[in-house]
Amino acid sequence: MKVAVIVFPGSNCDRDMYHVLTDVFKLESQLVWHTDELPKGMDAIVLPGGFSYGDRLRAGVIAAHSPVIKDVKKMAEKGMPVLGVCNGFQILVESGLLPGALLKNTSLNFMCKWTEIIVKNNKTPFTNKLQLDQRIPIAIANGEGRYYADEETLSSLKKNNQIVFTYAEQVNGASLDIAGICNKEGNVVGMMPHPERSAEQIINPGNAKPASLIFESLLSTLGVTA
Amino acid sequence: MSLTPNESEYLENKIGRKPNLLELQIVAAEWSEHCSYKSSKKHLKILPKNGERVISGPGYDSGVLDVGDGYVVTVHIESHNHPSAVEPYGGAATGVGGVIRDILSAGTRPIAILDGLRFGNIETDSHARWLFKNAVRGIADYGNCLGIPTIGGEIEFDDCFTNYALVDVASVGFGKKEKLIRNRAEKGDYVVLIGGSTGRDGIGGSQFASDKLEAENRSAVQIPDPFIEKLVIEVILEARNQQCIKAMKDLGGGGLSCAISETADALGVGIELDLSLVHKREQNMSPSELMVSESQERMLVITDEKKLETLKKICEKFRVPYSVIGRITDDSMMSVVSGKNILATLPSQIVANAPLLDRPSSKPKYLDTIEKIVKPETPKDLSVTLLKMLSNPNIASKQWVYTQYDHEVGIRTVVKPGNDASVLRLDNGKFLAAKIDGNSKHCYINPRDGVMGCFDEACRNVICTGAKPIGMVDHLQFGNPEDQEIFWTFKESVQSITDYAKYFEIPCVGGKVSLYNETDNGPIKPTPLIGVLGLIDGKPLIPKKIENNDILIIVGTTKDELGGSEYYEYVHNLVGGKCPVVDMKYSKEIQSTILALVKNDVVKVVHDCSKGGLAVAMSKLCILNEIGCSITLDKVPSEKLRPDELLFSESHSRFLLVINPEKENEVMSFLKQKNVPCAMIGKFTDKNIIFTNQTHSIMDVRVDIAQEKWLNSLGAFVTHG
C-alpha cells in the first residue's frame, strides 16, 4: 500500500505529512514532484499544506494547473482516496475537485492556534474510524481558511452529506463553520486544519487520539491492519 | 558612501595607489560599521567562544553546536533596525530572510525563528502602532511562507524607541554533522550566484544602517520575496545532499562586495567576478549598483567543474535563477570585470578587514544620579494596580502577535510560544529549548547589571523546561559609538556578558553588533539582547494543568531592586532606582537545583519570576489555568520590603514551582538540603488571585477579569488604538 504526497514549489508541510505517514503510521509513502507523473501503484494521494507558488494570485490557484493535477483528477474519478490539507484543500477547490472557495479569515490575519473540529461525516476514507459528532483537538494555521459557498452549493453539500468537519467554535467566519468537505462520492476530502500536526501526543496539547484516527481510517480503507 | 580621511590613507598605503571609484565604493560598503565591526571588533575578542559542543570552521555565518548522535544545531541572530523603522513590513521580512540564509550557509535546515521587537509607546503613538503592526505582519508573511515556525521571542515598548524600531531575528538550524559545508576552494572552481535577481533595492543598505536615522532612505530598504527564499532553501539543501557545494555564503549587508571579499579572504583564495554575467532585475545597472545592491534571497556557492552541471540541474528543477559569475584564482585578489573590461582589482584580505578603531569611552554622567530616587507612595488599591500592570503592553499576553506566526509547522514544537522558553524535538530524541531576552529599562539604569540580568533570565527560561544551557548568541544594540558615553555602555555590556558566560561556561557562538541606533530624538537606551539554547537529554517539562489545592513554592530572595521595573516605569512613571543585580554564585546554585528538581519529575510547572515581579508571574499561572490562588506575602523570602515592592520587584534568580500537595515534603526537603532560599507561600484554589499578609488582604482580583485584561489588551491597542 502506497501513498503519494504531492510536492509543489512552496509546499511546506510535505515533510511533516511524510513523517507522520511513514514513521508514525508505517504507511509507505513517496514524495512526488509536481511536474512528474503520478507513479504507478499508488493507493492514496495527499496534497499537503504550505504556500504553493507563494500564494500568488490566490492560494492554490497556480498549483491547481500543475501537470500532476491531471493524474490526481483521473485517480480521483476512479475512486482513489485523496486528502487535501490546508493549501492542499485550497488546491482541490481551485482545481474543481471540490466546490466552494477559501477566503481571507474574517480577522484578516494569519491565524495559528489549537481548536476543535466535529466529525459530521464518518463514511469517508479518512473518517471511517471516527464517531459522528466526535470532537478532534487539532491545529489550524492559515490566512485564507474561511470556507465560502453560495446558498445553493451549501444546501447541496448538506443534502449529499458532503460536510465532513465543522469547527466547534467560530474561528474564521466560514459558511456553516465548515472546516472540511468531500466530493459527492466521498473519496476526495479537503480540510483546513492539520491532522499531521495533531496525531502525535508530544506536540498536541490536547488529546491526540482523535486526530490519529484520521490516519487510522486511511489504514483501514487501504486494508492495512495496524 | 565614503571613507574617512584616515581610512583613505590606509587604503592607499596598502594598495600602493589611489583606488578608482568602484573600488572605493566596494571598500566603503565593506568598511561600513555594519559589515566591518570596526568599532566593536577589538572588544568582542574577550567573549568566550569555545566549549565542548562548539564546532568552528572557516567562514561560518552561524554558530554550530554538536548535539550528539551525529547531529548539529546552528544558531544566529541579526537585526534589521534601520530598514524596519522606515518600511516595517519589508524591513522585518527581509530581516527574517537574512538570518535564515546564515543558517542555510552552514548546510543546515532552518527549523525555528525567534524575534525580539521594540517600538515606542503604542498606547499613545499611532506611528509606533503602525510600525509594530506591520513589522509583525512582515515577519508572519515571510516566516509562514517559508514553513519555518516562529516559536518565540519578546516585545518591549519604551519611549526611547519613538520613531524607531528594533527588529531582531534569531534562527536555529538543524542537520547532520557530516553534511556541514566545509568551506574550501581550489583554483578554477566556479562561483555561482543562486536565487533572486539583482536589482536596485537595498543600495547602500549597510552604510544606511551605519549612520543615525535621519532621512527615510527608501531605496536602501530591501524588497522581500519569501517564495524565492523557500525555493532557494530547497535548492541549497538538495545541492548539499548531492555534494555540489564546496563553500557557501549568503548575500546580506554590502551585497556582492562583502560576499566576494569575505569568501575569498576566509578561504585564502582570489575570486574573479564578471558583472556582465550576474542575472539582473533591471537594465543598465552600473557596476557600483551591482556591487552594493542588497537584493534579497541570493546565495553565493563555490562548486567545481565536476558538480557544476548537477548544481545547474537542481536550480532548473526548482526554477530558481542562477548565474555562473566567476572563478576561483590563486592570487588572493578580488577582481571585478565586465566582459573584457577590468573594473576593480583589490587584495581581498584588505577589503575584508577594515582598519579597526579604538574608540574612547567615558562613564555617562546620568549614571551618577539615576539610582538616587525618592520612593513612590504605595497605591491605595493594589488590586487596581495589578489590573493596570496586566494590561501594560510590556506585560500583557503576546498572543495577538504569535497567533499570526505559524509556530507549529515542522511538527517539532513541543513547548509553544507564550511559555518561559519554547522547546523543539530533535531527530535524535533530544529536545532543544530556545529563548531570547532583553531589557532596555534595566540596561539603561545599569548596563552591566542589566545585561547580566538578561543573560540570567534567558538561562532561567530554558531551565524552566528542563534544559541545560549549551550556547548563547548576543545582539548588542546601541546608539552612536562616536559618543564616548554610549561607547562606555557598550564596553560594560560586553564585559558583563563575558563574565557571566565564563562563570556559567556557556560559549558565545555568534552575535551581531548594531550601532547608530538613534533618531533626532536621541539614542536608544542600551539594548543588548541575549539568546540562549538549552539541550534536554531526556524529557522536557511541558507545563501541566494546575489543579485545585496544588501548592506554590518560591525559590530565591526578593530584594529592593525596583529600578527599571515595569511597576516604577508604567505605574509611577519613574525612571530610576537600583535595578536587579545578579549574584552569579548564588544564581548558579539555584539554577542547578531547579534543573535537578525538574529531572526528578516532581514539579508540575516551573515559571521564571521576572518582568512585573511575583504578582504578575502568579497572575499568569492563574490566568492560563483559570484557577485562583491564595498567597501569604509574609512567607516570601525577602529583604525588608513594603507589600507593593514585594509584589512587583523584578529581582533575578527567582523561580515559582507548582507541585502536587503530596510532593511538598519531598520538594521542600530537597530545596533545604541544597540550602537555597525557598518557601511554600500558598496554594491554588477558587476563582480569585488573593495576596494577604498577617493582618489583612493586600490584593484580591477575579481571575476572569485579570484574564480579560491580560489576554486582550495588546490586540485592543493595535486594532482600536
Q. Only one of these conditions is not met by B:VAL192: (1) under 19 Å from the mean Cα position of the chain (by Cα); (2) away from chain A (no Cβ under 14 Å); (3) among the β-branched types (Val, Ile, Thr). Which number is it?
A. (1)
Q. Any idea which residue in segment B:315-331 is surrounded by the fewest Cβ atoms within 10 Å (Cβ to Cβ), counting only those that are within 13 Å of another protein chain (Cβ to nearest Cβ) and either within 14 Å of B:THR198 (Cβ to Cβ) or of a type in the set (A, V, I, L, M, F, W, C) (or both)?
A. B:PHE318
Q.
As an exercise: evaluate B:THR403 against (1) closer than 24 Å to B:ASP560 by Cβ; (2) hydroxyl-bearing (Ser, Thr, Tyr); (3) touching a strand residue (DSSP E or B) at 6+ places or on another chain (Cβ under 7 Å) and give the number of the one condition it does not meet.
A. (1)
Q) (1) part of a loop (DSSP other than H, G, I, E, B); (2) in contact with a His (Cβ under 9 Å, 6 or more places away or on another chain): which one isn't true of A:ILE6, the others all being true? A) (1)
Q | Filter result (farther than 26 Å from B:ARG359 by Cβ and of a type in the set (A, V, I, L, M)) within segment B:15-43 | A | B:LEU21, B:LEU22
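Looking at B:SER619, is it of a type in the set (Ser, Thr, Tyr), in the same structural domain as B:GLU566 (by TED's automatic domain parsing), within 30 Å of B:GLY450 (Cβ to Cβ) and in contact with a Lys or Arg (Cβ under 8 Å, 6 or more places away or on another chain)?
Values: of a type in the set (Ser, Thr, Tyr): yes; in the same structural domain as B:GLU566 (by TED's automatic domain parsing): yes; within 30 Å of B:GLY450 (Cβ to Cβ): yes; in contact with a Lys or Arg (Cβ under 8 Å, 6 or more places away or on another chain): no.
So B:SER619 does not fit the description; no.
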Q | Which listed residue is surrounded by 19 or more Cβ atoms within 10 Å (Cβ to Cβ), more than 10 Å from chain B (Cβ to nearest Cβ), in contact with a strand residue (DSSP E or B) (Cβ under 6 Å, 6 or more places away or on another chain) and in a helix (DSSP H, G or I), from A:LEU98, A:LEU92 | A | A:LEU92
Q) Of all the residues that make up segment A:8-22, how many are more than 9 Å from every other protein chain (Cβ to nearest Cβ) and over 21 Å from A:PRO125 (Cβ atoms)? A) 1
Q) In segment B:332-350, which residue that is touching a strand residue (DSSP E or B) at 6+ places or on another chain (Cβ under 6 Å) and among the hydrophobic types (A, V, I, L, M, F, W, C) is surrounded by the most Cβ atoms within 10 Å (Cβ to Cβ)? A) B:MET334
(Q) Yes or no: segment B:655-665 includes at least one residue that is touching a residue at least 24 places away in the same chain (Cβ under 8 Å) and farther than 25 Å from B:ASP686 by Cα. (A) no
Q: Kindly list the number of the only condition in (1) surrounded by fewer than 24 Cβ atoms within 10 Å (Cβ to Cβ); (2) at pLDDT below 95 that fails for B:ARG109.
A: (2)
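For segment A:30-49, state whether one or more residues are within 14 Å of chain B (Cβ to nearest Cβ), β-branched (Val, Ile, Thr) and without any contact (Cβ under 8 Å) to a residue 60 or more places away in the chain.
Applying the first criterion (within 14 Å of chain B (Cβ to nearest Cβ)) to segment A:30-49 yields A:31-36, A:48-49.
Those still in the list that are β-branched (Val, Ile, Thr) too: A:32, A:35.
Going one step further and asking which of them are without any contact (Cβ under 8 Å) to a residue 60 or more places away in the chain, we end up with A:32, A:35.
Scanning segment A:30-49, I find at least one residue that is within 14 Å of chain B (Cβ to nearest Cβ), β-branched (Val, Ile, Thr) and without any contact (Cβ under 8 Å) to a residue 60 or more places away in the chain, so the answer is yes.
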Q. Is segment B:245-259 home to any residue that is buried (at least 24 other Cβ atoms within 10 Å of the Cβ) and of a type in the set (Ser, Thr, Tyr)?
A. yes
Q) Among the residues of segment B:105-151, which ones are in contact (Cβ under 8 Å) with a residue 40 or more places away in the chain, of a type in the set (A, V, I, L, M) and more than 10 Å from every other protein chain (Cβ to nearest Cβ)? A) B:ALA106, B:ILE111, B:ALA112, B:ILE113, B:LEU114, B:LEU117, B:ILE122, B:LEU131, B:ALA135, B:ILE139, B:ILE151
**Q.** Any chance B:SER79 is over 12 Å from the mean Cα position of the chain (by Cα) and crowded, with 24+ Cβ neighbours inside 10 Å
**A.** no
Q. Assuming B:HIS127 fulfils every condition listed in (1) under 20 Å from B:SER422 (Cβ atoms); (2) surrounded by fewer than 24 Cβ atoms within 10 Å (Cβ to Cβ) apart from one, which condition is it?
A. (1)
Q | Matching residues in segment B:374-413 - criterion: being β-branched (Val, Ile, Thr) and in contact with a Ser or Thr (Cβ under 8 Å, 6 or more places away or on another chain) | A | B:THR413
Q.
Against the definition (within 21 Å of B:ILE436 (Cα to Cα) and either more than 17 Å from the chain's Cα centre (by Cα) or part of a helix (DSSP H, G or I) (or both)), how does B:VAL96 come out, yes or no?
A. yes
Q. Could you count how many residues in segment B:473-523 are part of a loop (DSSP other than H, G, I, E, B), out of contact with any Phe, Trp or Tyr (no Cβ under 9 Å at 6 or more places or on another chain) and within 29 Å of B:ILE463 (Cα to Cα)?
A. 2
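Counting only residues that are of a type in the set (Ser, Thr, Tyr) and assigned to a strand (DSSP E or B), how many does segment B:59-93 have?
The number of residues fulfilling the criteria is 3.
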Q) Tell me, which strands (runs of 3 or more DSSP E) lie completely within segment A:113-226 with 3 or more residues that are among the hydrophobic types (A, V, I, L, M, F, W, C)? A) A:135-142, A:163-167, A:178-182, A:188-191
Q: Report the residue count in segment B:277-298 for those that are surrounded by fewer than 18 Cβ atoms within 10 Å (Cβ to Cβ) and either outside any loop (DSSP other than H, G, I, E, B) or touching a Lys or Arg at 6+ places or on another chain (Cβ under 6 Å) (or both).
A: 2
Q: Might you let me know whether segment B:153-164 holds any residue that is under 26 Å from A:PHE8 (Cβ atoms), more than 14 Å from chain A (Cβ to nearest Cβ) and part of a loop (DSSP other than H, G, I, E, B)?
A: no
Q. Quick one: what pairs do we get from segment B:332-344, first residue touching a residue at least 24 places away in the same chain (Cβ under 8 Å), second acidic (Asp, Glu) and buried (at least 16 other Cβ atoms within 10 Å of the Cβ), C-beta under 6 Å, 6+ apart or different chains?
A. B:SER335/B:GLU272; B:VAL337/B:ASP274; B:ALA344/B:GLU23
Q | Residues being part of a loop (DSSP other than H, G, I, E, B) and closer than 26 Å to B:THR692 by Cβ - total across segment B:365-421 | A | 11
Q: Can you work out which of the residues in segment A:101-112 that are assigned to a strand (DSSP E or B) and within 14 Å of chain B (Cβ to nearest Cβ) is surrounded by the fewest Cβ atoms within 10 Å (Cβ to Cβ)?
A: A:MET111
Q) Where residues in segment B:184-232 are of a type in the set (S, T, N, Q) and at pLDDT below 90, which of them is surrounded by the fewest Cβ atoms within 10 Å (Cβ to Cβ)? A) B:SER219
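For every residue, the table says whether it meets (1) over 26 Å from A:ALA101 (Cβ atoms); (2) buried (at least 23 other Cβ atoms within 10 Å of the Cβ); (3) away from every other protein chain (no Cβ under 14 Å); (4) not charged (D, E, K, R).
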{"position": "A:THR124", "(1), (2), (3), (4)": "no, yes, yes, yes"}
{"position": "A:ARG146", "(1), (2), (3), (4)": "no, no, yes, no"}
{"position": "A:GLU152", "(1), (2), (3), (4)": "no, no, yes, no"}
{"position": "A:THR221", "(1), (2), (3), (4)": "yes, no, yes, yes"}
**Q.** Cross-chain or 6+ apart pairs with Cβ under 6 Å, segment B:396-417 first and within 7 Å of chain A (Cβ to nearest Cβ), then among the basic types (Lys, Arg)
**A.** B:THR403/A:LYS113; B:GLU408/A:ARG197; B:ILE411/A:ARG197; B:VAL414/B:ARG425
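The values are calculated or read from the model by the stated rules, or taken from the named source; none is laboratory data. No experiment lies behind these values; they were computed from the predicted model shown. All Cβ positions, glycine included, derive from the backbone under ideal geometry; neighbour counts span all protein chains shown.
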